[in-house]
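To keep things clear, I will list the structure first and then write my remarks on it.
The values are calculated or read from the model by the stated rules, or taken from the named source; none is laboratory data. Note that this is a predicted model, so its numbers are computed, not measured. FYI the Cβ positions are ideal-geometry reconstructions off the backbone, even for glycines, and counts take in every protein chain you see. Only protein heavy atoms, including side chains, enter the accessible area calculation; ligands, DNA and RNA are left aside. Shrake-Rupley method; radii C 1.70, N 1.55, O 1.52, S 1.80 Å.
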Amino acid sequence: MDGTHLDLRFAEVLRSYRTTARLSQRELADRAGLSVGAVRDLEQGRRRTPRRSTARRLGAALGLPAPPPSGPAAAGRFVLRVLGPLELRVGGRPVRLGPPRQRAVLGLLALHPNTLVHREEIIDRLWPRAAPATAVHLVQAYVSRLRALLLPGAPAERRRAVLESTGASYRLRIRADGLDLLRFGRLTEQARTAVTAGDHLLAGERYEAALRLWRGTPLADVDLLRGSAPVATLAEQRIATAIRYAEAAARTGRHHPVPQLRILADADPLHEALHARLMIALAGGGQQAAALQVYAQISARLVDQLGLTPGPELTGARLQVLRGDADAPPGPG
């Protein structure tokens with residue numbers, strides 16, 4: 001929804017997003033700071049060239065990621081994605097990132113955006129057993145090549161400002177619209193603020209937008225970072241976000257997060273809180289038998305693999321399903 005060319009398809013997309021968010025035209029207009037007439041004209045295709053600022057305000061009101069810039073400013077812009085396989089796009093086109101260790105350097109810096117990462121930490125991750133005598137020079141070479149990939153054709157000073165070297169540390173300077181990890185953090189923070197304010201509908205929209213950024217395991221194709229603490233933390237944040245999304249949806253009578261919860265539950269078959277929330281979501285959608293089947297399956301896995309019985313979250317969710325009380329958050333019964 002970049003706002004550069006409005007046609008009937010744009011109008012349909014805008015109307016679809018608003019309907020999915022369960023907003024009236026007036027509610028969307030109020031959130032975006034527009035008039036009801038402006039929203040009505042956009043949805044009916046009466047305006048062909050809305051201002052970019054209008055499109056941004058509508059996207060923010062609907063919880064959508066910020067649109068990329070257009071025109072000459074976009075030509076050299078780079079976008080990184082780490083919530084799935086590592087991906088770099090420059091001017092909208094994918095860029096090959098080179099050998100595995102060079103990819104790992106970029107992935108590691110992207111996991112710590114706008115933060116200094118000491119060279120020793122990079123070396124330890126690139127050569128976990130024994131680093132070669134040339135490790136420092138190799139890291140410097142990787143950083144130099146990455147600068148050229150991030151900003152091809154840019155002056156050396158600008159390249160060094162984006163991938164900064166300070167003493168024995170490096171820092172990737174990047175804005176939220178250039179890194180999915182930062183957008184994810186911004187959206188989840190907005191969702192938590194909405195929960196605090198009691199606006200569970202808005203919270204659900206923000207959580208849903210945050211989850212749409214994910215494409216799989218963080219940096220799934222960077223073997224040298226697999227199992228690292230930042231990657232594991234991100235994976236757990238994804239699960240926590242899905243649970244909070246389902247809780248917000250339940251409080252507004254919407255239980256459609258079942259597909260997202262199911263995918264994550266299949267990937268983490270022993271996560272009790274995740275399965276408890278899946279049970280509630282299924283029951284809320286009228287699938288009580290499926291919810292009880294989820295309980296039976298994870299209970300069997302806990303006993304067989306860990307020698308444990310279900311904890312209070314699972315047993316509480318089971319009682320809620322049996323009582324038909326699917327709108328309350330799961331907890332001890």
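Side notes on the structure shown:
- Our note on the geometry: Cα centres of the stretch 258-281 and the stretch 95-134, 33 Å apart.
- The chain: DSSP helices with Cα axial extent of at least 30 Å and average Kyte-Doolittle hydropathy no lower than -1.0: 229-251
- Positive-end residue of Ala249, Gln320, Gly286, charge dipole of the chain with Cβ unit charges: Ala249
- Taking every alpha-carbon pair in the chain and binning the separations at 10 Å intervals from zero gives 5, 22, 25, 23, 17, 7, 1 percent.
- Longest DSSP-loop-exposure-free segment, trypsin sites (Lys or Arg not before Pro), the chain, at most 10 other Cβ within 10 Å: 130-333
- When you restrict to C-alpha pairs under 8 Å that are six or more residues apart and normalise by the size of the chain, the relative contact order lands at 13 percent.
- Surface composition of the stretch 245-286: carbon and sulfur atoms hold 53% of the protein heavy-atom accessible area at a 1.4 Å probe.
- Å² of accessible area per residue within the chain, as computed with a 1.4 Å probe and no ligands counted: 49
- The Cα atoms of the stretch 252-297 give a gyration tensor whose axes a ≥ b ≥ c have a/c of 1.5 or more with a/b no greater than b/c, which makes the shape oblate.
- Mean residue ellipticity, 222 nm, helices only, the chain: the sum of -39500 (n - 2.57) across DSSP H runs of n ≥ 4, divided by residue count and rounded to 500, is -17500 deg cm²/dmol.
- In a DSSP loop and with at most 11 other Cβ atoms within 10 Å, there are no GluC sites (Glu not before Pro) in the stretch 101-160.
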